[in-house]
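The values are calculated or read from the model by the stated rules, or taken from the named source; none is laboratory data. The model shown is predicted, which means the values in this text are computed figures rather than measured ones. Quick reminder, even Gly has a Cβ in these numbers, built from the backbone with ideal geometry, and neighbours come from all protein chains shown. Accessible surface areas use protein heavy atoms only, side chains included; no ligands, DNA or RNA. Shrake-Rupley method; radii C 1.70, N 1.55, O 1.52, S 1.80 Å.
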Amino acid sequence: MNDLAGKHIVLGLTGGIACYKSAELCRALLKEGATVQVVMTEAAEQFITPITLQALSNRPVYSSQWDPREPNNMPHINLSREADAILIAPCSADFMAKLVHGRADELLSLMCLARPLDKVPLLVAPAMNREMWAHPATQRNMAQLTSDGAMIFGVGTGDQACGETGDGRMLEPQELLEEVIAFFQPKTLVGEHLLVTAGPTYEAIDPVRGITNLSSGKMGFAIARAAREAGAEVTLIAGPVHLTTPRGVTRVNVTSAQNMLEATVDCAQSAHIFIATAAVADWRPANPAEQKIKKDGSGEVPALTFVENPDILATVAQSPRGQSGALYCVGFAAESQDLLANAQAKRLRKGVPLLVGNIGPATFGQDDNALLLVDELGTQDLARDSKLALARKLIAKIATRTRAKGQKV
Ligand code: C5P
């Protein structure tokens, strides 16, 4: 992907052991198409050399406000004017305090203060010891920075370089990359709660066996990510898949269709939009055995009988809503043929305003897909693309439709 194509990021490093992660972050930003100008404080240079960052970013690193390379000797003006964002990663507790007070006694803080507030956002990735992070002074500074318009990406939890364990680690480069990409996406779903089901379900035959299907969950996870990028609060109800939860998304793991139904009905109470991408098993064994069914050598095979699973989408779409207002429901149809006719019929049968068709064998397990949107007005093709790109387009279409319906949302 080239999600940061055309973006120029000033990457500021301050003093902290997490500087070692910034080398990887720099590479990751470049791989997504950004250009990166690194600015380092003197303390950052104690942890990683400017040469490393110069080699990775392919640009000389700046660290002095008196840098004679700039013809006007004003690197704080020149570097901040060309940036699409300034990302401070790692941001030390001390540097946060400096930002809060508008201190400007070295290049990086000077540049943050001198940046045009309305054009150059300040993104902050804190990194510090857990006690420093929990200290009221740091928490106060963070609240102040947020109210001054900075975007704070939060911290990770775990083992710290000092030997302690807790909150305060800088987020991993890939997590920060996801946050930066999300920051630049259009915010079409702010204030909305979006619920999405994803992946297969697993229906037990006995404690060690069951039936499932080949759904990878990738489309649903991409939709969850795209919705969160668009500013929604997102709950992702996932069947058994080994995919990383998108940043900022609340994940509820379920196993069977029955589990998925219960979790979905519960979360749907407060949701405004529901997108059902899960490949729910149509049937489950009627009487799952409590103990493993044993092969006894007689050649006799167990006689399995099945019952139909509840239709989660139809149940939720056709449930009366109370105080929480309308719920905009979107279904998916994975077909092997006659996509249009099947999708149209399924839209009516499920009672949903929008049905998204795709060809099952062409999407299961793949990183890309093609979609056919069917609603009461007609159809629209979304041509083959990565699942994330398609998810972003689908979210934009849903945002337009829910706004047009005046749904609160
Ligand atoms: O009926 P079919 O399985 O083809 O319908 C697909 C759509 O319905 C998908 O959106 C899927 O997530 C949803 N579905 C459901 N519960 C079921 C079966 C399908 O929510 N039991």
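A few comments on the model shown:
- Unmet criterion (only one of (1) assigned by TED's automatic domain parsing to the domain that holds THR400; (2) in a loop (DSSP other than H, G, I, E, B)) for ASP266: (2)
- If you go through the stretch 43-69 and keep only what is polar (S, T, N, Q) and assigned to a helix (DSSP H, G or I), you end up with GLN46, THR52, GLN54, SER57.
- Strands (runs of 3 or more DSSP E) contained in the stretch 155-217 and holding at least 1 residues in the same structural domain as ALA257 (by TED's automatic domain parsing): 193-198, 203-206, 209-211
- LEU113 vs. criteria open to solvent by 60 Å² or more (accessible area, probe 1.4 Å), of a type in the set (A, V, I, L, M) and within 26 Å of LYS21 (Cβ to Cβ): yes
- Looking across the stretch 344-360, just one residue is aliphatic (A, V, I, L, M), farther than 22 Å from ARG384 by Cβ and in contact (Cβ under 8 Å) with a residue 12 or more places away in the chain, and that is VAL352.
- Failed criterion for ILE48 (all others in (1) closer than 30 Å to GLU229 by Cα; (2) open to solvent by less than 30 Å² (accessible area, probe 1.4 Å) hold): (1)
- Condition broken by GLY325, with the remaining ones in (1) in contact (Cβ under 8 Å) with a residue 60 or more places away in the chain; (2) within 12 Å of the ligand (Cβ to nearest atom) satisfied: (2)
- Meets criteria (open to solvent by less than 10 Å² (accessible area, probe 1.4 Å), at pLDDT 95 or above and not hydrophobic (A, V, I, L, M, F, W, C)) for SER22: yes
- The one condition in (1) in the same structural domain as ALA198 (by TED's automatic domain parsing); (2) modelled with pLDDT of 95 or more; (3) assigned to a loop (DSSP other than H, G, I, E, B); (4) more than 13 Å from the ligand (Cβ to nearest atom) that VAL352 fails to fulfil: (4)
- Residues that are within 12 Å of the ligand (Cβ to nearest atom), of a type in the set (S, T, N, Q), touching a residue at least 24 places away in the same chain (Cβ under 8 Å) and in a loop (DSSP other than H, G, I, E, B) do occur in the stretch 302-321.
- Restricting the stretch 225-263 to residues that are open to solvent by 50 Å² or more (accessible area, probe 1.4 Å) and acidic (Asp, Glu) leaves a set whose member that is nearest to the ligand (Cβ to nearest atom) is GLU262.
- Taken over the stretch 206-224, residues that are of a type in the set (D, E, K, R) and either farther than 23 Å from THR255 by Cβ or surrounded by fewer than 24 Cβ atoms within 10 Å (Cβ to Cβ) (or both) amount to 2.
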